Every structure is written in structure tokens, then in C-alpha cells.
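Worksheet: one structure, shown below.
The values are calculated or read from the model by the stated rules, or taken from the named source; none is laboratory data. Since we're looking at a predicted model, the values are computed, not measured.
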Amino acid sequence: MPFCPSCKYEYELGVSTCPDCGVNLVDKLADENIAGPDDDEFDWVPIARIMSEQVAEMVVEALQAKDIPALIYSGTGFFGQSGAMGPSSYQAVGGGYTIMVAADSVDDADHEGEVILGEDWKKAKLFDIDSEEERQS
């Protein structure tokens, strides 16, 4: 499957140009283009769990637009569904999509998440952002 080296989306065979970015697709993303919680560049913190993939992607895109390092993490990798799916399951196993942010951007990410999702963000948060002690445990 071809990938866009700019936005990292995967496309069906036969597509050669990313319709969003206008760049030529590549067969494989270079390792430096793939970010994840195992990267040494950031100390990643799970900040919220969102049940909808589309909403999680929207939040991460908004955070990244504000220069807040963020990504979606699932049990089997990044930017995708987690675990085995049951025959009638519409959500990822494990309860959704975890939004991860760089540790030094937690407060900014929390503020932006609340602006974007309001009360839904408060329900999705994995810990009380004001509690530094809880964040480090």
C-alpha cells in the first residue's frame, strides 16, 4: 500500500498522489517519519482516551497545528484500531484511542482539548492534569 510522506496516510493501490498534500506517494515511510511512544525525542504521556477514531484524529491534528507533539496510540500500534475485533464490535478493544502528548506539553494539550471537546474532553482525560503527583505515577 502506498503512503503519503507528508501526512502519513495510507492509500489504496493505484493512487499515486496524496489528494490532500499533493505529493507523490511512497511504498514505505522512512523510519524518521514514524513517531511513537518509544521515540527518545519526547517523554510521551497518555492524556486522554477517545472512543471515536475520527474525533481522536481531529484532536491530534488540532494539537499538532498548535505545535504540540501529539499522536494516537493503540495496543497494536499508532493511528489504527487496537487488538482483535469481534464480529459486532465497532470500537477498538481496550476502550478506544489513546491520545499521547509530550510531557512538557501536557498543560497546553489539556487546554486545547477542553476548547475543542468541552465536557467530553473532561470525561476522556486519563488523569487530573493539575495533579503532578498522579502524572508521574
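See the values below:
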| item | result |
| --- | --- |
| Condition check for Y90: at pLDDT below 85 and outside any loop (DSSP other than H, G, I, E, B) | no |
| Hits in the stretch 24-53 - residues which are aromatic (F, W, Y) and modelled with pLDDT of 80 or more | W44 |
